[in-house]
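This report refers to the structure that appears directly beneath it.
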Amino acid sequence: MNGKQLRTLLRILVAAAMMVALRFARVAGTTRFLLYLVPYLTVGSDILAKSIKGVKNRQIFDENFLMTVATLGAMALAVYEDGDYTEAIAVMLFYQTGELFQSYAVGKSRRSIGTLMDIRPDYANVEREGRLERVDPDEVAPGTVIVVQPGEKVPIDGVVAAGSSTLDTAALTGESAPREIEPGDEILSGCINMTAPLKVKTTREFGQSTASKILDLVENASSRKSKSEEFISKFARVYTPAVCGGALALAVLPPLARIFAMGLSPDWGEWLYRALTFLVISCPCALVVSIPLSFFAGLGGASREGVLVKGSNYLETLANTKCVVFDKTGTLTQGVFGVSDVHHCPIERKRLLEFAALAESASPHPISKSLRLAYGKPIDRARVADVREIGGEGVTAVVDGLPVAAGNVKLMERLGIPCIRCRSAGSIVHMAVSGEYAGHIVISDMIKPNAKEAVRRLKAVGVKKTVMLTGDRRLAAEQTARELGVDEFHAELLPADKVAKVEELLACQPIGAKLAFVGDGLNDAPVLSRADIGIAMGAMGSDAAIEAADVVLMDDDPLKIAKAIQIARKCLGIVRQNIWFAIGVKLACLALGALGFANMWLAVFADVGVMVLAVLNAIRALFVKSL
């Protein structure tokens, strides 16, 4: 608890203790009233002050005004009838208890989002004249070399210039496993350096770094209200004056009817008590508090999973998503070439990769790099001789004394070596060793490890259709789509074609169903903006894509899409439960209060009890089980 919550709790306990003690005090009249006024003011002074402030600001009809009128009226009735003051004090006590509980619940949700605030760096270490000097991150220009010590946050995005270490990326991506980092690797602000000092060459200004952008997204998320929240705000503006008018009518009209229509005594005290009970029951706290809290908890639950949703309105849209459209490269695939298969190889697969890596060891071409990466061992150039590169065809060399050729079909034809054509998508490297065909190596864009499972989970959470759009060749797109299990794919598309295709898909959506587009590249920004909801890859995605998107996946894991939809749907379910529960109980208790079957204690349950139950229900949005 914070200081304010502790002070409120202390006031509640002191007032409750005084009220219990006064039950045994043998006093009457004015002395009794003044003694009971002490615990009432102890626990309710801030509510009275807020209601007075609301009247001054012409914002009269809120829960503070209702509680003030109801409890002061109950106190006045007790004075008039020389009755029991404990009812008015108890109402205020329970109301404050409910407010304290609500404050704690909101704080818990805020902390779940606020853990992201821990990524804000306080300083950057810049080396000057052989000494490390702490400076404000805002003062560090791009291209500056900074030093990040073990245990410190990385203040600005950059590239590791020197040192190897392990990074804790949990606050940034939600990923608990540490990440190994070496010279040349990109490093994002907000991560924590764990094991060894690193020298980092900054690539951005602090204001444009990942940590700053995340903080900006989090701080602005709650300002974007959902339709449900807007409905509750409008509802409260109409509902509160209406029930105040109803309470006034209940206090005045029945007594007048008894006088003029029935010739009976007006019984003002009875009807005033009913009107005051009606007012306490009518407080819309459960709705006004629990609905925004439900969305806030949903945003917090998503952020704990490394999914940043830019506003509760996007949670509502995400919950209704029935079609997910993917970009291919960098979204479902890694955007990096790698060896995906080896075909028709008469020798051992490892041996063939070894020949290819050694023969291509001098080439800077991405395919050559992929071969060396697949080989996975240091290259011994002493084993390679007589390297000859043939433009547009490949390379020949002598490896371990054996003539080796690695290249395309043209190279094999040049050498007069019959080769086997490959039907797989990707770049094909045909191999010949000692003048004999040795098979071919397939190099393609590698599918992300979780991509196939991500598509499966989307279908498990109720997404009806998955579509892949790509500018890649049809053969490569078809192979990827088949492997992942997406329902539909479209290949060889320009950025404008992707927008047109999304327009077509949007036109086909059933009423109420929403379409999400997932992308990472600069050319995806227009489509992200056009879709009902845009989801961007945050770790490696372009700035334009992240800016245009409504949801950002901080670790680029497509599995998080299904998780985000789960969280959004649970959040919306809780919101609907709270709306129906709160309104239903309120209407029932209002009817009982008007008919005289409800006293102040039932009024307290209808107000504070319903609010506490709704808030408890709202907190469930923080926790969503995996599929």
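The values are calculated or read from the model by the stated rules, or taken from the named source; none is laboratory data. Just so we're clear, the structure is a prediction, and the values are computed from it rather than from any experiment. Heads up, the Cβs are rebuilt from the backbone with ideal geometry, glycines too, and the neighbour counts pull from every protein chain shown.
Observations on the model:
- Test: residue in region 419-433 that is under 30 Å from Ala481 (Cβ atoms) and touching a Lys or Arg at 6+ places or on another chain (Cβ under 8 Å): yes
- Test result for Val575, crowded, with 24+ Cβ neighbours inside 10 Å and farther than 30 Å from Gly190 by Cα: yes
- Within region 396-414, the set of residues being among the aliphatic types (A, V, I, L, M) and farther than 18 Å from Cys345 by Cβ comprises Ala397, Val398.
- Residue list for region 158-181, restricted to those being modelled with pLDDT of 85 or more and part of a loop (DSSP other than H, G, I, E, B): Gly163, Ser164
- Only residues that are of a type in the set (Val, Ile, Thr) and more than 46 Å from the chain's Cα centre (by Cα) were counted in region 346-385, giving 2.
- When restricted to residues that are modelled with pLDDT of 80 or more and either outside any helix (DSSP H, G or I) or small (Gly, Ala, Ser) (or both), region 583-602 contains 3.
- If you check Val43, Val79, Val38 for being crowded, with 21+ Cβ neighbours inside 10 Å and either in contact with a helix residue (DSSP H, G or I) (Cβ under 9 Å, 6 or more places away or on another chain) or at pLDDT below 80 (or both), only one passes: Val43.
- Those residues of region 1-21 which are in contact (Cβ under 8 Å) with a residue 24 or more places away in the chain, hydrophobic (A, V, I, L, M, F, W, C) and part of a helix (DSSP H, G or I), in sequence order: Leu9, Ile12, Val14, Ala15, Ala16, Met18, Met19
- In the set (1) at pLDDT 90 or above; (2) in the same structural domain as Lys369 (by TED's automatic domain parsing), Thr466 fails one condition alone, (2).
- Search result, residues across region 120-133 that are in contact with an Asp or Glu (Cβ under 9 Å, 6 or more places away or on another chain) and part of a strand (DSSP E or B): Ala124, Asn125, Val126, Glu127, Glu133
- Looking at region 428-536, none of the helices (runs of 4 or more DSSP H) lying wholly inside it contains 3 or more residues that are among the basic types (Lys, Arg) and over 30 Å from Ser370 (Cα atoms).
- Search result, residues across region 296-325 that are assigned to a strand (DSSP E or B) and farther than 19 Å from Val455 by Cα: Leu308, Val309
- Any hit, region 614-627, residues being of a type in the set (Phe, Trp, Tyr), modelled with pLDDT under 75, out of contact with any strand residue (DSSP E or B) (no Cβ under 6 Å at 6 or more places or on another chain) and more than 27 Å from Leu458 (Cα to Cα): no
- Residues of region 334-353 that are closer than 25 Å to Ile447 by Cβ and not in a strand (DSSP E or B): His344, Cys345, Arg349, Lys350, Leu352, Leu353.
- Filter result (assigned to a strand (DSSP E or B) and closer than 23 Å to Thr166 by Cα) within region 134-154: Arg134, Val145, Ile146, Val147, Val148, Lys153
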